[in-house]
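Read the structure below first, then the notes.
The values are calculated or read from the model by the stated rules, or taken from the named source; none is laboratory data. Predicted model, so just to flag it, every value in this text is computed and none were measured. Don't worry about glycine lacking a Cβ; one is built from the backbone with ideal geometry, like all the others, and counts go over all protein chains shown.
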Amino acid sequence: MKAIKREMRRVILIGDSSSKRTLFFEKAAKALDVPFRVVDWEALTETSALDLFEGAAVKIDPPSYSIVHLSQMKEQLEAYQRTLRHLAKADCAFFNSPETICRMLDKRETNRRLKAREILVTDMFPEEIKTADQLEETMREKHCYSVFVKPSCFSGAAGVAAFRMHPRSGNRKLYTSCRLERGRLVNTKKLTCMEESVRIRRMLDDLLALGCVVERWHPKAEFQGKSYDLRIVFQFGHIISMVARQSRGPITNLHLNNQAMSVEDLELGETIQQKIASVCKDAWEAFSGISVADSESKFVFGGANMAGMDLLLEKGTMRPRIIEMNGQGDLIYQDIYNENRIYLEQVRILSGI
């Protein structure tokens, strides 16, 4: 891998012109007096001409979707992945390559890649599970009675469910932000708990039909009676942002009315923080293709310059485990509404100043 030449200053952002991502990236560019161009997703398809990207430093943000039906979300995601594969043909330097974004979208592939490098991750069932019956049978075989069910390539908690089954009584609980509306799965911003077996099995059958991964429900560390995990932004070889997401329920995504809090308030201690940094470094290297020592504050070709990571600390042991990674997971409200450090660093290094 080689660093991009310092004189490269033309920056292009592929995104939605009215999104917070674009607005605060633009704010960072203006603060640094760096010219850049926005190419709106509405102008791109899997057959668009790619000449305008030639020789530029290009960042790809995700499209903004208003679709709530999960089956339609799956169709849009597949179209998005096709466009990413087309963009990969452009003669430019990507902040995160389209191939890397696609790889991180795939939760199973991400988990396998990290596990192959002996990086501690959540335990994912290797089986392709298609029905509620198959799920319960597999849980009994593995003596694992608490799991998460997640669509393989969705983000933002879309379609995520936490499922518990008592090994003796057979009592079941399902936590999810999905609901069935006229026979179709709809994504919402409200977490609900189901306890009726017939409803739970119907919901699981519909979710699993989308193509899901199943992983062990690891108990998370707690603070003041609530469990939490961490959303970390790791870019250019270092952690630039770390936010704790606290919840009384099993799903911690902040758009579900969960509480964001400062990591400093957790008083984790130097040893635990060093372990977190080490796991994040190893995970980032698994996708960037280079070592942190070679990448600090440099823009490199052909992989990931940034990764948003969800990480849990095990209850009791406080061992860090990577839950998943996101090649576009850099929108942190606690940052953009304060120092905007994440985007300022991106603009500075993308532009070569």
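With respect to (1) surrounded by fewer than 21 Cβ atoms within 10 Å (Cβ to Cβ); (2) of a type outside the set (S, T, N, Q); (3) at pLDDT below 95, the lone exception for GLU118 is condition (3).
A count restricted to segment 87-130 and to residues that are assigned to a helix (DSSP H, G or I) and of a type in the set (Asp, Glu) stands at 2.
What residue, among those in segment 33-75 that are in a helix (DSSP H, G or I) and in contact with a strand residue (DSSP E or B) (Cβ under 8 Å, 6 or more places away or on another chain), is nearest to SER19 (Cα to Cα)? Steps first, please.
Let us first name the residues in segment 33-75 that are in a helix (DSSP H, G or I), namely 41-43, 51-53, 70-75.
If we keep only those that are in contact with a strand residue (DSSP E or B) (Cβ under 8 Å, 6 or more places away or on another chain) too, we end up with 41, 52-53, 70-71, 73-74.
Working: TRP41: 11, LEU52: 22, PHE53: 21, LEU70: 22, SER71: 24, MET73: 19, LYS74: 22 Å.
This residue is TRP41.
Can you tell me which residues in segment 178-213 are within 20 Å of SER152 (Cβ to Cβ) and over 22 Å from the mean Cα position of the chain (by Cα)? Scanning segment 178-213 gives ARG184, MET203, LEU204, ASP205, ASP206. The single condition from (1) in contact (Cβ under 8 Å) with a residue 40 or more places away in the chain; (2) exposed (fewer than 14 other Cβ atoms within 10 Å of the Cβ) that GLU42 fails is (1). Among the candidates GLY249, GLY289, the residue that is surrounded by fewer than 17 Cβ atoms within 10 Å (Cβ to Cβ), in contact (Cβ under 8 Å) with a residue 60 or more places away in the chain and under 24 Å from PHE125 (Cβ atoms) is uniquely GLY249.
Kindly indicate the residue of segment 157-188 that is farther than 18 Å from TRP217 by Cβ, of a type outside the set (S, T, N, Q) and surrounded by 18 or more Cβ atoms within 10 Å (Cβ to Cβ) and also modelled with the lowest pLDDT among those meeting that condition. Of everything passing the filter in segment 157-188, ALA158 is modelled with the lowest pLDDT. The set of residues in segment 145-182 that are among the charged types (D, E, K, R), farther than 15 Å from ALA132 by Cα and not in a loop (DSSP other than H, G, I, E, B) comprises ARG179, GLU181. On inspection, LEU191 fails the criterion of being surrounded by fewer than 21 Cβ atoms within 10 Å (Cβ to Cβ), in contact with a helix residue (DSSP H, G or I) (Cβ under 9 Å, 6 or more places away or on another chain) and modelled with pLDDT under 90. Going through (1) on the phi < 0 side of the Ramachandran plot; (2) outside the structural domain of LEU210 (by TED's automatic domain parsing) one by one, ASP33 falls short only on (1).
Residues that are closer than 18 Å to GLU324 by Cβ, at pLDDT 95 or above and in the same structural domain as ARG321 (by TED's automatic domain parsing) do occur in segment 265-277.
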